[in-house]
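Since every read-out is calculated from the coordinates, none of them should be taken as a lab result. Note that the coordinates shown come from a computational prediction; the quantities given were computed from them, not determined experimentally. Note that each Cβ is placed from the backbone with ideal geometry, even for glycine, and that neighbours are counted across all protein chains shown.
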Amino acid sequence: MIAVLDFGSQYTQLIARKVRQLSVYTEIHPFNLPIERLKALRPQGVILSGGPSSIYDEGAPQLNPEILELGAPVLGICYGLQAMAHMLKGKVAPAATREYGYKEIEVVEPDALLRGLPKRSRVWMSHGDRVERLPRGFTTLASSDTCPFAAVRHRSRPLFGLQFHPEVHHTTHGDNILKNFALRVCRADNTWTMGSFVRRTVEDLRETVGRRRVVCAVSGGVDSTVLAVLLHRAVGRQAVPVFVDNGVLRLNETEQVIRTFQETLGIRVRFKRCAPQFLRQLKGVTNPEEKRRRIGREFIRVFFRELGPDDLLAQGTLYPDVIESVSTKGPSATIKTHHNRVREVLKLIRQHRVIEPLKDLFKDEVRAAGKELGLPREILWRHPFPGPGLAIRILGEVTRKRLDVLRRADAILIEELKASGQYDRIWQALAVLLPVQTVGVMGDERTYENVIALRCVESVDGMTADWVRLPGDALGRIASRIINEVRGVNRVVYDVSSKPPSTIEWE
Ligand code: XMP
């Protein structure tokens, strides 16, 4: 196995998942895992993740030097490299300019780690500090114009470091580098598969649930559908899928979801019509985190009514939902509180009443699990839709009127993307209703109306994303239909930001 030690990066699970993709078993542990426990795992390799700290920050996570003495190859990524360099008496300092986004690196010394890479390739950087002077015994494998030590290794010991992130999709040869590390450098065993994940999960669920009832939230998206099917396989009718109309769903969504479950999957769903109570909660609220909290809380209220004292709650939480909302010392900073991590859920988690069998997976892994379970294509490839729904796509207050505007704009966007064959090549497409009005002219009349922003991104896991270069005529058709068909909109704009530094949703 390969041990990934977490120094708090947003991307730690992504590293693990990339290693799993190589069919290599991997476990994530905190950076300060006692050395005896690390030794007991008998890792064939160790990866030190990135992290948000500067090595000089008070309380910054430090590398235990004994890890470098294990004999297993060690790869430090970003902060992991800086921690290793600092420990071995190299020099780490703030870079003159912080580097976020694409950079081109040039391989200066091909080595097992960089085998098969072209001379020049694109990598994804995301760091404030960098290594200024290498520790003794290290040599440079690749550099960029602003980062002399983009990839390094020790001349005689199996110690490697990368200043960039090989685990993110936007590093074009990142998979190749991780493969080189896991299979060539570490010679790790490669026998892990998604089929074994599904089998193990069904067995685990059967054991965890026992004779209890388990209430599970379904939304029609791939995550909760995979969850419901896994539960159904494991415990049949003891699993009770509940679909809640929270008032911030898309056009005709309720009917579609109920039909899919009943007719395509043959699973009975309990339907709760709760729009008015959710909208009451959202009245006057403009803060995105507050919207999430209130929707999360209302969800829990609905579920508490379904939950008997011994029942369990199952959630289709994925890894990015956890990592972006958890903030502990070391691990990553809070970016958005996903609604499946609100206080009430945390309390249930402490009571061991929440099961989240997908929480170590990324979206594409869930799709692979869904495929393994035989789910139809429309479900597998449905774009992700956030739990707080359209509430976080209406900037400012959520009202019925504004929901109606956004719903119709969103429906046109999706319909046009499907009609022009673009839908399947896009990770997620969304319309956002902005809290500003702009001047327009319709007929001979001046108008002063809403702006809709469109966002289409490509991504593999939602952790990093780039905007989709939609053909101009497709964009033009969408904009013109929205302006003509949706009352109250006189302008459409297109979002051309990548993640990071932006996020996919606007709130
Ligand atoms: P961001 O905006 O954080 O989105 O780049 C990454 C992915 O997560 C979805 N998202 C959410 N999903 N509850 C959810 O269930 C949330 O509060 C939430 N916020 C963002 C987003 O749609 C994208 O797929």
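Structure data summary
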| item | result |
| --- | --- |
| Label-to-label distance, nm, for residues given as Arg487 and Thr503 (7 Å Cα→Cβ offset) | 3.4 nm |
| Helical mean residue ellipticity (222 nm; -39500 (n - 2.57) per DSSP H run of 4+; nearest 500) of the chain | -9000 deg cm²/dmol |
| Computed lengthening from Trp192 to Val436, 0.36 nm per intervening residue step minus Cα-Cα distance | 82.7 nm |
| Three-way shape label, region 1-62, alpha-carbon gyration tensor, a/c 1.5 | oblate |
| Pairwise label distance in nanometres, Arg122 with Tyr100, each label 7 Å out on the Cα-Cβ vector | 1.8 nm |
| The chain pair-distance distribution - Cα-Cα, 10 Å bins, rounded % | 4, 18, 26, 24, 18, 9, 1, 0 |
| Reachable aspartates and glutamates from Lys91, criterion Cα separation under 13 angstrom, eight or more residues apart if same chain | Asp129, Glu132 |
| Cα gyration tensor category, rounded, prolate or oblate, for region 2-185 with a/c compared to 1.5 | rounded |
| Spatial separation of Cα centroids for region 354-368 and region 25-96, in angstrom | 27 Å |
| Qualifying trypsin sites (Lys or Arg not before Pro) in region 168-261, DSSP loop, other Cβ atoms within 10 Å at most 14 | Arg187, Arg211, Arg212 |
| In region 8-75, GluC sites (Glu not before Pro) in a DSSP loop with at most 11 other beta-carbon atoms within 10 Å | Glu58 |
| Full-extension gain in nm, Glu132 to Arg211, via 0.36 nm per residue minus C-alpha separation | 22.5 nm |
| Set of aspartates and glutamates with alpha-carbon distance to Lys39 below 18 Å, sequence-local pairs under 8 removed | Asp6, Glu27, Glu66, Glu69, Asp189 |
| Extended-chain gain in nm, criterion 0.36 nm per residue less alpha-carbon gap, Asn287 and Glu58 | 79.3 nm |
| Using alpha-carbon coordinates, inclination of helix 363-372 to the longest axis of the chain, degrees | 80 degrees |
| Estimated FRET transfer efficiency (Arg199, Thr146; beta-carbon r; R0 45 Å; 0.05) | 0.40 |
| Rounded to 10°, Cα long-axis angle of helix 400-419 versus longest principal axis of the chain | 70 degrees |
| Pair Thr172, Glu109: separation of 7 Å Cα→Cβ label points (nm) | 2.5 nm |
| Residues in region 401-417 that a label on Arg477 would reach, taking backbone N under 18 Å of a point 7 Å out along Cα→Cβ | 409-417 |
